[in-house]
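Below: one structure, written as structure tokens.
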Amino acid sequence: MNEEISSDSESESLAPRKTEEEEEEELEETAQEKKLRLAKLYLEQLRQQEEEKAEARAFEEDQVAGRLKEDVLEQRGRLQKSVAKEIQAPAPTDIRVLRGHQLSITCLVITPDDLAIFSAAKDCTIIKWSVETGRKLHVIPRAKKGAQGQPAGHSSHVLCMAISSDGKYLASGDRSKLILIWEAQSCQHLYTFTGHRDAVSGLAFRKGTHQLYSTSHDRSVKVWNAAENSYVETLFGHQDAVAALDALSRECCVTAGGRDGTVRVWKIPEESQLVFYGHQGSIDCIHLINEEHMVSGADDGSVALWGLSKKRPLALQREAHGLHGEPGLEQPFWVSSVAALLNTDLVATGSHNARVRLWQCGEGFRQLDPLCDIPLVGFINSLKFSSAGDFLVAGVGQEHRLGRWWRIKEARNSVCIIPLRRLPVSPVAGS
């Protein structure tokens, strides 16, 4: 210890003595340096805060840009979200079966909030179901022909239904050429549209409006306004009974022309139509995937993907549900229903080969690949995806919705709710 002290004292004695002025100057410089250091630190903090804000803004802008890009693609009708590869095949025990109709289900719709399902059947009744409990919320009974003073209802097979995008109006069409408009919430009958000269086979509301499109076996397409209880116009072009119709936000609708072998896009303001060819048999069902693409099914067993800019299918899947019959006399299973999850690559088709089939649309809708099969016995006469895409509803019957060519006795006339669970997306390697 003593040695250390002495060495320190020696070094101190060797160092030149500082004057009082120099020490004061050093102290003054130290204070200035401190101010400068604090100012630099403050500026650095400000810079970091600004960088963090800029990063947050950039992240928000990226998110907004992504949403805007999706909105633009959706408006242009070209949005194709990739969800099909995430879908997990449901177990048969997960399928909920709702029984209530006496005869084959012909059509169904899901309310925009995904809380209720309306189903209709050959027994001329319409039933409103709760998705959560599976219970009947309301039954619109069959009406007796010619009877006066009875509650409104259908007296013949209900072939089609549609619900407005705000969930206010329900429209139903039957073999007696009538379209009935209901208040969807209370199931109260509002009014009846007459004008078709044959069975009403297709109905669709234009999204975001109360404009209603209808089509019929009389080969025409009619436009109505449900809110104003008014008829607008009639369009002609099909050469045979029209089998189905669909519409989205644009002022146009698409139709499946049955035996005339055409799919048509009707541009309502211009009163013009585009004609598409591709199926060999009767085109019985059609559904829009987005504003620019659609899927259709026919009794030749084929499923087709279409783009509005091409007159021929972008993709055509023949024998989509396989073949049946004696060796050498095999016939394809008819495709009796199609559905698409809006603005995605997921499509579902139904037949009477005891399964609903899910498909993935390839990029640009130029390919159609089978995903999985869901066992379901009977004629799948109607298919609808929920808005959120978390379940698929199938209308099942012992008979085809348009006739009695076959009868599948072991089938149950029912509404089937099929849950669609998503696989968790695996993280990207290295992330």
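The values are calculated or read from the model by the stated rules, or taken from the named source; none is laboratory data. Everything numeric here is computed off the predicted structure, so don't read it as measured data. Positions of Cβ are backbone-derived with ideal geometry, glycine not excepted, and every protein chain shown enters the neighbour counts. Keep in mind that these areas ignore ligands, DNA and RNA; they rest on the heavy atoms of the full protein, side chains included. Shrake-Rupley method; radii C 1.70, N 1.55, O 1.52, S 1.80 Å.
Axis angle, to the nearest 10 degrees, between helix 20-76 and the longest C-alpha principal axis of the chain: 10 degrees. Leaving out same-chain residues fewer than 8 places away, which lysines sit with a Cα under 26 Å from that of K40? Answer for K40, where 26 Å is the Cα cut-off: K53, listed by chain and number. Computed 3J(HN,Hα) for the stretch 316-326, one whole-Hz value per residue from the Karplus formula 6.51 cos²θ - 1.76 cosθ + 1.60 where θ = phi - 60°, is 9, 9, 7, 6, 4, 10, x, 10, 9, x, 5, glycine and proline marked x. This model, with +1 at the C-beta of Lys and Arg and -1 at the C-beta of Asp and Glu, gives the chain a dipole about its Cα centre of some 5240 debye. The mean sequence separation of alpha-carbon pairs under 8 Å and at least six residues apart, normalised by the residue count of the stretch 107-249, gives a relative contact order of 15 percent. Length available on full extension from E228 to L190: 0.36 nm per residue minus the Cα-Cα distance, which gives 12.6 nm.
Ranked from largest to smallest solvent-accessible area, with a 1.4 Å probe on the protein heavy atoms, K267, K34 come out as K34, K267. Ignoring lysines fewer than eight residues from K177 along the same chain, the ones with Cα atoms less than 28 angstrom from its Cα are K122, K128, K136, K144, K145, K168, K207, K222, K267, K384. Summed over qualifying helices (DSSP H, 4 residues or more, each -39500 (n - 2.57)) and divided by its residue number, the chain shows a 222 nm mean residue ellipticity of -6000 deg cm²/dmol. Think of the chain as having a plus end and a minus end, set by charges on the Cβ of Lys, Arg, Asp and Glu; of Q317, N229, A121, A121 sits farthest toward the positive end of this dipole. Here the Karplus relation 6.51 cos²θ - 1.76 cosθ + 1.60, evaluated at θ = phi - 60°, turns the backbone of the stretch 331-341 into coupling constants of 10, x, 5, 4, 8, 9, 7, 9, 8, 9, 7 Hz, with x for every Gly and Pro.
Phi angles of the stretch 278-283 translate, via the Karplus equation with coefficients 6.51, -1.76, 1.60 and θ = phi - 60°, into HN-Hα couplings of x, 7, 8, x, 6, 8 Hz per residue; Gly and Pro are given as x. Working from the Cα coordinates of the chain, the gyration tensor eigenvalues give, after taking √(5λ), semi-axes of 66, 25, 22 Å in decreasing order.
Averaging sequence separations of C-alpha pairs under 8 Å and six or more residues apart, then dividing by the length of the chain, give the relative contact order as a whole percent. Don't skip to the answer; put the middle values down first.
On the way: 1072 pairs, mean separation 55.4, N = 431.
Reported as a whole number, the value is 13 percent.
How far, in nm, would the chain grow between R421 and D113 when pulled straight, counting 0.36 nm per residue and subtracting the alpha carbon separation?
Gain on stretching R421 to D113: 109.0 nm.
Which order do the peptides 383-394, 230-241, 40-51 take when ranked by the mean count of other beta-carbon atoms within 10 Å per residue, highest first? All intermediate terms of the calculation are to be shown ahead of the outcome.
Numbers: 383-394: 19.8, 230-241: 14.9, 40-51: 10.0.
Answer by packing, highest mean first, reads 383-394, 230-241, 40-51.
Can you give the angle from 0 to 90° between the axis of helix 2-14 and the longest principal axis of the chain, with both taken from C-alpha atoms, to the nearest 10? Tilt relative to the chain: about 80 degrees. In the complete set of protein chains, residue-level accessible area for W406 is approximately 90 Å², probe 1.4 angstrom. Return, ordered by residue number, the residues of the stretch 349-377 whose backbone nitrogen is under 20 Å from a label point located 7 Å along Cα→Cβ of W406. Only 349-358, 373-377 pass the distance filter. Peptides 343-349, 268-274 ranked from most to least packed by the mean count of surrounding Cβ atoms within 10 Å: 343-349, 268-274.
About the Cα centre of the stretch 280-363, what is the dipole size in debye to 20, counting +1 per Lys and Arg Cβ and -1 per Asp and Glu Cβ, all else neutral?
Numbers: 6 positive and 10 negative charges, 23 e Å.
Value, rounded to 20: 100 debye.
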